[in-house]
2 protein chains.
Amino acid sequence: MIEILQKKIDTKTKPLGALGRLEELALKIGTIQNTLEPKLVNPTILVFAGDHGLTEEGVSLYPREVTFQMVMNFLNGGAAINVFCRQHDIRLKVVDAGVDHDFADHPGLIHAKIGRGTQNIMNRPAMSADECNKAIETGRSLTEKEYDQGCNIIGFGEMGIGNTSSASLIMHSLTRIPIRDCVGKGTGHDEEGLKKKIGILEALAKKHKPSDAIDILATYGGFEIAMMCGSMLAAREKGMILLIDGFIATSAFLVAIEIDPKIMDNSIFCHISDEKGHRSMLQHIGADALLDMGMRLGEGTGAAIAYPLIKSSINFLNEMASFQEAGVTDKD
Amino acid sequence: MIEILQKKIDTKTKPLGALGRLEELALKIGTIQNTLEPKLVNPTILVFAGDHGLTEEGVSLYPREVTFQMVMNFLNGGAAINVFCRQHDIRLKVVDAGVDHDFADHPGLIHAKIGRGTQNIMNRPAMSADECNKAIETGRSLTEKEYDQGCNIIGFGEMGIGNTSSASLIMHSLTRIPIRDCVGKGTGHDEEGLKKKIGILEALAKKHKPSDAIDILATYGGFEIAMMCGSMLAAREKGMILLIDGFIATSAFLVAIEIDPKIMDNSIFCHISDEKGHRSMLQHIGADALLDMGMRLGEGTGAAIAYPLIKSSINFLNEMASFQEAGVTDKD
């Protein structure tokens, strides 16, 4: 399939390779879908939200209740991810993976609460092994539901005050990159706040001794990160296209790739976050992101704004004329 | 206006600066339009096509007739720029600035032929001063026509076998960057072809002694480049947003900025072309492009695929809730 896809790309009315990364994307998506005429059906972004016990230690500039307030903002359509999903006709669903708030029913909200926030990892692992497995399995079933409704391209976003700390610890544990290079300013620490955050995370990295990728996920947690990880694994199993967003989403991906290395084949890395560790994360797995817009918002916003580029790649493959069709002379 | 725009951006439900370059774009566009609620109306890309006398010397891998064949491809909707303009509801118009072919009337084609290709600059300047002025004035009037129809954001694309040579010579003359760093593989030269091209252009850079920016434009030409330059100048005069594409379009911009340095204020640099000199060109004028997709196709394709990012910037400004509206606690 790769060879005939490449041939189709090469006969389009343009110099060889002149569409650069759009050609790589077209080749990748055609290969995933095993067709010369790939389609993107029901593009969907799941935004997983959860609270973090570690916020008690002041690792974030924003108070914990901002997690549920932002979930309400998503449900009311006022957040950045709403704006970008509307712009690109991407379906958006918000998942309560473990927010410390009781939500009323809402058509855009999926109730999947594992707990009311994780444990404070200063004292104990963020979640039990059971909770972690439950989060992963729930994530899987959410993706499967989207797949059953025809979705073949899915993005993963998140909201959780304190979750850059979890992501940094997961990154450090899986990559052995020093904590100070895994920690960024999160939602906006100054130098002093950053120093304090690094100190706390260095202590935590010494305190716990998780045994493998799943244990790392359970220890440093984030119900939303664990659920996202399960959701990614199922997307690969179903042969979907995965849109990987920024720092937190990629930390979930780091766990997923330990479990299923072939997940790379189905994944598109949408942007490089401005959050410090993200570039090293991407380098670690050999991923090359599409966009570098200096963004560090999460919510899946990087995936959403990269979507039209991905659509452009299959549009040129499906719609452009070949040299022969257009009667254009090819080079010798 | 800048201060109140920045304040509007900063009160949106996101950490300060978390939308990165989208925030810069929102600020820029709001400033250009002098409003807190900017709009993009009738986005349009003009693709200017012209032939080049220098193709007689074998500077391009493709024969000269590919220029008119590609114009036909544009008119039939089969080229990359058609695909991307359709995707993003961008109006596309093709301008015969000087193709060596007689085109029949077509609703998508603007007849504005200055001549049937430029002179071979091995022998004499590409065009006379009169032809150059006529091309610039025609470009101006084409933009004004779009403006009169409500368009407030305009991109500039081009098609012209041999025009990377013109662009390289214009770049060299205006920036004094050595020819070898201004010359790339164009539509696909190998190392030997590239060496030959550099040799020819180095000889040409010594042969002619143009006196100023307009004379440089006339000497090294490209009817399509001169017309694009005029079109850019009028867009700035009308207060429109200019979408600057790749290597050739930026060579026209290099001339335009000599005439009107304030044109920078209205211009968005859409992508870095894979054509070698483009990065240095952008550095020379202090421009920071949005996308780096390894593309080198021309036609305005970089401007077209960057358009949704630009739209995202004003969408978040217009549609996102503020902390107060959403009832989200801001940081202290």
What number of residues in segment B:297-328 are among the polar types (S, T, N, Q), farther than 21 Å from residue B:20 by Cα and not in a helix (DSSP H, G or I)?
0
Taking the condition of being among the polar types (S, T, N, Q) and either in contact with a strand residue (DSSP E or B) (Cβ under 9 Å, 6 or more places away or on another chain) or under 12 Å from residue A:252 (Cβ atoms) (or both), how many residues in segment A:185-238 meet it?
1
Report whether or not residue B:118 is within 22 Å of residue B:65 (Cβ to Cβ), over 18 Å from the mean Cα position of the chain (by Cα) and buried (at least 22 other Cβ atoms within 10 Å of the Cβ).
yes
Screening B:323, B:316 for residues that are crowded, with 24+ Cβ neighbours inside 10 Å and touching a residue at least 12 places away in the same chain (Cβ under 8 Å) leaves only B:316
Single residue of A:97, A:126 found to be in a strand (DSSP E or B) and touching a Gly at 6+ places or on another chain (Cβ under 6 Å)
A:97
Given (1) part of a helix (DSSP H, G or I); (2) more than 12 Å from the chain's Cα centre (by Cα); (3) surrounded by 21 or more Cβ atoms within 10 Å (Cβ to Cβ), where does residue B:263 come up short, assuming only one miss?
(3)
Has segment B:144-153 got any residue that is touching a residue at least 12 places away in the same chain (Cβ under 8 Å) and polar (S, T, N, Q)?
yes
For residue A:242, which of the numbered conditions (1) crowded, with 24+ Cβ neighbours inside 10 Å; (2) assigned to a helix (DSSP H, G or I) fails to hold?
(2)
Consider residue A:277 against the criteria (1) crowded, with 21+ Cβ neighbours inside 10 Å; (2) of a type outside the set (Phe, Trp, Tyr); (3) under 14 Å from the mean Cα position of the chain (by Cα); (4) more than 11 Å from chain B (Cβ to nearest Cβ): it satisfies all of them except one. Which criterion is unmet?
(3)
Consider residue B:201 carefully, then state whether it is of a type outside the set (S, T, N, Q) and within 22 Å of the chain's Cα centre (by Cα).
no
Of the numbered conditions (1) surrounded by fewer than 24 Cβ atoms within 10 Å (Cβ to Cβ); (2) modelled with pLDDT of 95 or more, residue B:228 satisfies every one except a single condition; which is it?
(1)
Looking at segment A:162-187, which of its residues are modelled with pLDDT under 95 and of a type in the set (A, V, I, L, M, F, W, C)?
A:183
Odd one out for residue B:267, checked against (1) free of Cβ contacts under 8 Å to residues at least 60 places away in the same chain; (2) in contact with an Asp or Glu (Cβ under 9 Å, 6 or more places away or on another chain); (3) more than 23 Å from residue B:165 (Cβ to Cβ); (4) of a type outside the set (D, E, K, R)
(2)
Starting from segment B:56-68, keep only residues that are free of Cβ contacts under 8 Å to residues at least 60 places away in the same chain, then list their pairs with residues that are buried (at least 20 other Cβ atoms within 10 Å of the Cβ) whose Cβ atoms are within a distance under 6 Å, requiring at least 6 positions of separation or different chains.
B:68/B:99
Please go through segment B:1-25 and pick out each residue that is more than 7 Å from chain A (Cβ to nearest Cβ), assigned to a helix (DSSP H, G or I) and under 23 Å from residue B:307 (Cα atoms).
B:2, B:5, B:6, B:8, B:9, B:23, B:24, B:25
Residues (over 14 Å from the mean Cα position of the chain (by Cα) and within 7 Å of chain B (Cβ to nearest Cβ)) located in segment A:298-317:
A:308, A:309, A:311, A:312, A:315, A:316
For segment A:266-296, what are the residues that are of a type outside the set (Val, Ile, Thr) and in a helix (DSSP H, G or I)?
A:266, A:278, A:279, A:280, A:281, A:282, A:283, A:284
Looking at this structure, is residue B:81 modelled with pLDDT of 95 or more, in contact with an Asp or Glu (Cβ under 8 Å, 6 or more places away or on another chain) and within 19 Å of residue B:268 (Cβ to Cβ)?
yes
Go through segment B:60-70 and give me each residue that's surrounded by 24 or more Cβ atoms within 10 Å (Cβ to Cβ) and either within 20 Å of the chain's Cα centre (by Cα) or not small (Gly, Ala, Ser) (or both).
B:66, B:67, B:70
So which residues in segment A:69-87 are among the hydrophobic types (A, V, I, L, M, F, W, C) and without any contact (Cβ under 8 Å) to a residue 60 or more places away in the chain?
A:72, A:75, A:83
Hey, can you tell me all the residues within segment A:97-110 that are under 20 Å from the mean Cα position of the chain (by Cα) and surrounded by fewer than 24 Cβ atoms within 10 Å (Cβ to Cβ)?
A:108, A:109, A:110
Matching entry among B:28, B:39 (being at pLDDT 95 or above, within 22 Å of the chain's Cα centre (by Cα) and surrounded by fewer than 19 Cβ atoms within 10 Å (Cβ to Cβ)):
B:39
Output yes when any residue across segment A:287-297 is more than 22 Å from residue A:184 (Cβ to Cβ), within 14 Å of chain B (Cβ to nearest Cβ) and buried (at least 24 other Cβ atoms within 10 Å of the Cβ), and no when none is.
no
When you scan segment B:318-328, do you find a residue that is in contact with a Cys (Cβ under 7 Å, 6 or more places away or on another chain) and either within 7 Å of another protein chain (Cβ to nearest Cβ) or more than 30 Å from residue A:64 (Cβ to Cβ) (or both), even just one?
no
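The values are calculated or read from the model by the stated rules, or taken from the named source; none is laboratory data. Predicted model, so just to flag it, every value in this text is computed and none were measured. Because the Cβ atoms are built from the backbone with ideal geometry, glycine has one as well, and the counts that use them run over all protein chains shown.
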